[in-house]
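Undergrad: Structure incoming, see below.
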Amino acid sequence: MTIDEIDLRILNILQLNAKLTNKEIAQKVNLSSTPVFERIKKLEKEGYIEKYVAILNAEILGKSLTVFCNITLKEHTKKIGNQFVKDITSLHEVTECYNISGDYDFLLKIQVANMKGYQHFVLNRLGEIKNIGSAHSTFVMGTIKQSHQLPII
């Protein structure tokens, strides 16, 4: 499926605020509501839109410490890699996990309440995962920019 400039504008609008009505989006792209509704359904069906989510306030919810943790595995086999992925995806404190190149194998983004919470996570949750060779943590002191918006326009 090919998408046009209007589809890209709709996607950009939805990235900024997915709670807008079809009528509000239609006004922004100079169409009526029905074609906008049909375009959004088509974008969903074709996989351009994966899902709609609410972005929560970590501080209000008591998860204000963000930690980036670089992981190196002891061994690099398919079985060990698959087991690591299975284990890490089960940890609710890990909000993002990337398989990376360079000095480390994986980059984790972890959300916890505070330093004591992170210590508990490392000792009792992350420490239980086999074949982790090393873990290097970087603590976020302040967020300068955080966007969930893909640069499409």
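The values are calculated or read from the model by the stated rules, or taken from the named source; none is laboratory data. Nothing here was measured: the structure is a model prediction, and the numbers come from that model. Cβ placement follows ideal geometry from the backbone for every residue including glycine, while neighbour counts extend to all protein chains displayed. Side chains included, ligands, DNA and RNA excluded: accessible areas come from the protein's heavy atoms. Shrake-Rupley method; radii C 1.70, N 1.55, O 1.52, S 1.80 Å.
Undergrad: Percent relative contact order of segment 53-128, based on C-alpha pairs within less than 8 angstrom and at least six residues apart?
TA: Details: 81 pairs, mean separation 29.9, N = 76.
39 percent.
Undergrad: OK, next. When the label point is put 7 Å from the Cα of LEU91 along its Cα-to-beta-carbon vector, which residues of segment 97-123 have a backbone N closer than 13 Å?
TA: Answer for segment 97-123: 97-98, 106-112, 118-123.
Undergrad: How much accessible area does LYS63 have with a 1.4 Å probe, in Å² rounded to the nearest 10?
TA: Estimated to the nearest 10 Å², LYS63 gives 90 Å².
Undergrad: Using Cα atoms only, what is the angle between the long axis of helix 78-89 and the major principal axis of the chain, expressed in degrees (0 to 90) to the nearest 10?
TA: That works out to roughly 70 degrees.
Undergrad: Can you give me the % of accessible surface on the chain that is carbon or sulfur? Probe 1.4 Å, all protein chains present, nothing else counted. Could you put the intermediate results ahead of the total?
TA: Details: 5750 of 10890 Å².
Exposed carbon and sulfur together represent 53 percent of the surface.
Undergrad: Using R₀ = 30 Å, calculate the FRET efficiency as 1/(1 + (r/R₀)^6) where r is the Cβ-Cβ separation of ILE100 and LEU61; round to 0.05. Spell out each step's value before the answer.
TA: Details: r = 28 Å, r/R0 = 0.93.
Calculated transfer efficiency: 0.60.
Undergrad: What nm value, rounded to one decimal, do you get for the distance between GLN146 and SER33 when each label is placed 7 Å out toward the C-beta?
TA: So the two model labels end up 3.5 nm from each other.
Undergrad: So if we plug the beta-carbon distance of GLU44 and LYS78 into 1/(1 + (r/R0)^6) with R0 = 25 Å, what FRET efficiency do we get, rounded to 0.05?
TA: Numbers: r = 34 Å, r/R0 = 1.36.
That pair, GLU44 with LYS78, gives E of 0.15.
Undergrad: Multiply the residue gap between ILE153 and ALA113 by 0.36 nm, knock off their C-alpha separation, and tell me the result in nm, one decimal place. Can you show the working numbers first?
TA: Numbers: separation 40, 0.36 × 40 = 14.40 nm, distance 3.61 nm.
Full extension from ILE153 to ALA113 adds 10.8 nm.
Undergrad: Quick check on the chain: what are the equivalent-ellipsoid semi-axes from the Cα gyration tensor, as sqrt(5λ), descending, whole Å? The partial results should precede the final answer.
TA: Details: eigenvalues 299, 75, 32 Å².
The answer is 39, 19, 13 Å, longest axis first.
Undergrad: Then there's this: Would you mind working out the magnitude of the charge dipole of the chain relative to its Cα centre, with +1 at each Lys and Arg C-beta and -1 at each Asp and Glu C-beta, to the nearest 20 Debye?
TA: Working: 19 positive and 16 negative charges, 54 e Å.
About 260 debye.
Undergrad: Can you tell me the orientation of helix 33-45 relative to the chain, as the angle in degrees between its alpha-carbon axis and the longest Cα principal axis, to the nearest 10?
TA: The answer is roughly 30 degrees.
Undergrad: Considering just Cα atoms, how many Å³ per residue does the convex hull of segment 92-152 enclose? Show your work: numbers first, answer last.
TA: Working: hull volume 8.0 nm³, N = 61.
Here the figure is 131 Å³ per residue.
Undergrad: List the lysines whose alpha-carbon lies under 20 Å from that of LYS19, not counting same-chain residues fewer than 8 positions away?
TA: The qualifying lysines are LYS28, LYS41, LYS42, LYS45, LYS51.
Undergrad: Tell me, what HN-Hα J-couplings in whole Hz come from the Karplus equation 6.51 cos²θ - 1.76 cosθ + 1.60 at θ = phi - 60° for each residue of segment 114-128, using x for Gly and Pro?
TA: So the J values, rounded to whole Hz, are 6, 5, 5, x, 5, 4, 4, 4, 5, 6, 9, 10, 5, x, 7.
Undergrad: Enumerate lysine pairs in segment 78-146 that are 8 or more residues apart or on different chains, then count those whose Cα atoms are under 29 Å apart.
TA: Final tally of qualifying lysine pairs is 12.
Undergrad: Then there is this: Peptides 5-14, 129-138, 143-152: what's the order by average Cβ count within 10 Å, highest mean first? Numbers along the way, then the final one.
TA: Numbers: 5-14: 17.0, 129-138: 13.7, 143-152: 7.9.
Highest to lowest by the protection proxy: 5-14, 129-138, 143-152.
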